[in-house]
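Below is one structure; the comments refer to it alone.
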Amino acid sequence: MMDYDRPRKHSLSLKGHRTSVSLEQEFWDAFRAIAQAEGVALNALAARIDGERGMDCGLASAIRLFVFRWYRDHGASD
């Protein structure tokens, strides 16, 4: 049986304003790893995702989808 943690709040700065997103630790760790792999600051990556998301999608959901798609597109092939 898998152990699932509840989402936790993580702070970000978007366009000079502090905000927080609730993400599971695995998504937060993956998000940070992607920013490092792409050589961009975490806040800059969050701002990019924020700017590209639709109005009907929350920031936390947009980050989860970004992480999923990034790993799907950049993951190791089997």
Read-out Kirkwood radius over Cα pairs in Å, derived from the coordinates shown; its label in (i) 16.6; (ii) 12.6; (iii) 13.2: (iii)
Residue (of 71, 42, 28) at the positive-pole extreme of the chain, dipole from beta-carbon charges: 42
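Please compute the length gained on full extension between residue 8 and residue 53, using 0.36 nm multiplied by the number of residues separating them and subtracting their Cα-Cα distance.
Details: separation 45, 0.36 × 45 = 16.20 nm, distance 2.12 nm.
This chain segment gains 14.1 nm when fully extended.
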With each label point set 7 Å from Cα along the Cα-Cβ vector, what nm distance links residue 61 and residue 42? 2.4
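So how strong a dipole does the chain carry about its Cα centre when Lys and Arg Cβ are +1 and Asp and Glu Cβ are -1, to the nearest 20 debye? Before the final figure, lay out each step's value.
On the way: 11 positive and 11 negative charges, 79 e Å.
Dipole of the chain, to the nearest 20 debye: 380 debye.
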Would you mind telling me which residue in 60, 37, 46 has the biggest mean-square fluctuation in a Gaussian network model of the chain, where springs connect alpha carbons within a distance under 10 angstrom? 37
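Mind listing which trypsin sites (Lys or Arg not before Pro) in the stretch 11-78 are in a DSSP loop and have 14 or fewer other Cβ atoms within 10 Å?
15
Taken together, the values in this text are just the output of simple stated rules run on the coordinates, not laboratory data. In this text, all values refer to a predicted model and were calculated from it rather than measured experimentally. All Cβ positions, glycine included, derive from the backbone under ideal geometry; neighbour counts span all protein chains shown.
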